[in-house]
Amino acid sequence: MDETALQSALSNPQNLGEMPDADAVGTVGSPDCGDMVRMWLKYKEKDGRRVIDKASFQSFGCQTAIAVASLATELIRGKTREEALQMNAEELSAPLGPLPPMKIHCGQMVEGALKAALEAEQTASGTSPNLTTSAPASGPTLADALQAAGKSAGGIKIILEPPVQQ
Ligand code: FES
């Protein structure tokens, strides 16, 4: 993993925070470590195509997840929903170089949150068995979602504390 790229993404994370006027939002929790990422998407029409205008994220997660989420929100701008759906964790984290084995799920969690947000509009459904949730853009905060998920899914361990140095 490219530590310089990681530190650079962490020192100035892009698109961090809730997006009140988002068109879609997706949240995914990792059963491996209990971390979660939520991603918001806003679309626009451009040259007759509906593309992602902007994306933002919140993460109670490790530094790798935050860095990948930051990069992902930049990478998907200007893409259509279908194009963004094609992007996997490896592509989203490419600027960081190959992730070490114990960090691969961090990128996959970001991919999951992105896909949940991309699919949220289509399904307008509530939850799926793999802890992916869709909620209205004006829905609860990530902290609320964490608590709700913990209550409803029963198996999620939630630790709200600053990420440790990885
Ligand atoms: Fe679990 Fe990074 S998201 S350690």
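The values are calculated or read from the model by the stated rules, or taken from the named source; none is laboratory data. Being a predicted model, the structure only gives us computed values, none of them experimental. Glycine gets a Cβ as well: all are built from the backbone with ideal geometry, and neighbour counts include every protein chain shown. Heads up: the accessible areas ignore ligands, DNA and RNA and are worked out on the full protein's heavy atoms, side chains in. Shrake-Rupley method; radii C 1.70, N 1.55, O 1.52, S 1.80 Å.
Points worth noting:
- For Glu82, the conditions (1) in contact (Cβ under 8 Å) with a residue 24 or more places away in the chain; (2) farther than 17 Å from Ala9 by Cα; (3) not in a loop (DSSP other than H, G, I, E, B) are fulfilled apart from (1).
- Taking the criterion of being open to solvent by 10 Å² or more (accessible area, probe 1.4 Å) and either within 8 Å of the ligand (Cβ to nearest atom) or of a type in the set (A, V, I, L, M, F, W, C) (or both), the residues of the range 31-47 that qualify are Asp32, Cys33, Gly34, Asp35.
- If you check Gly61, Gly29 for being modelled with pLDDT under 95 and under 10 Å from the mean Cα position of the chain (by Cα), only one passes: Gly29.
- Extreme residue, farthest from the chain's Cα centre (by Cα), among residues of the range 83-120 that are open to solvent by 60 Å² or more (accessible area, probe 1.4 Å) and closer than 19 Å to Trp40 by Cβ: Glu83
- Among the residues of the range 48-64, the ones that are open to solvent by less than 30 Å² (accessible area, probe 1.4 Å), more than 9 Å from the ligand (Cβ to nearest atom) and not hydroxyl-bearing (Ser, Thr, Tyr) come to 4 in all.
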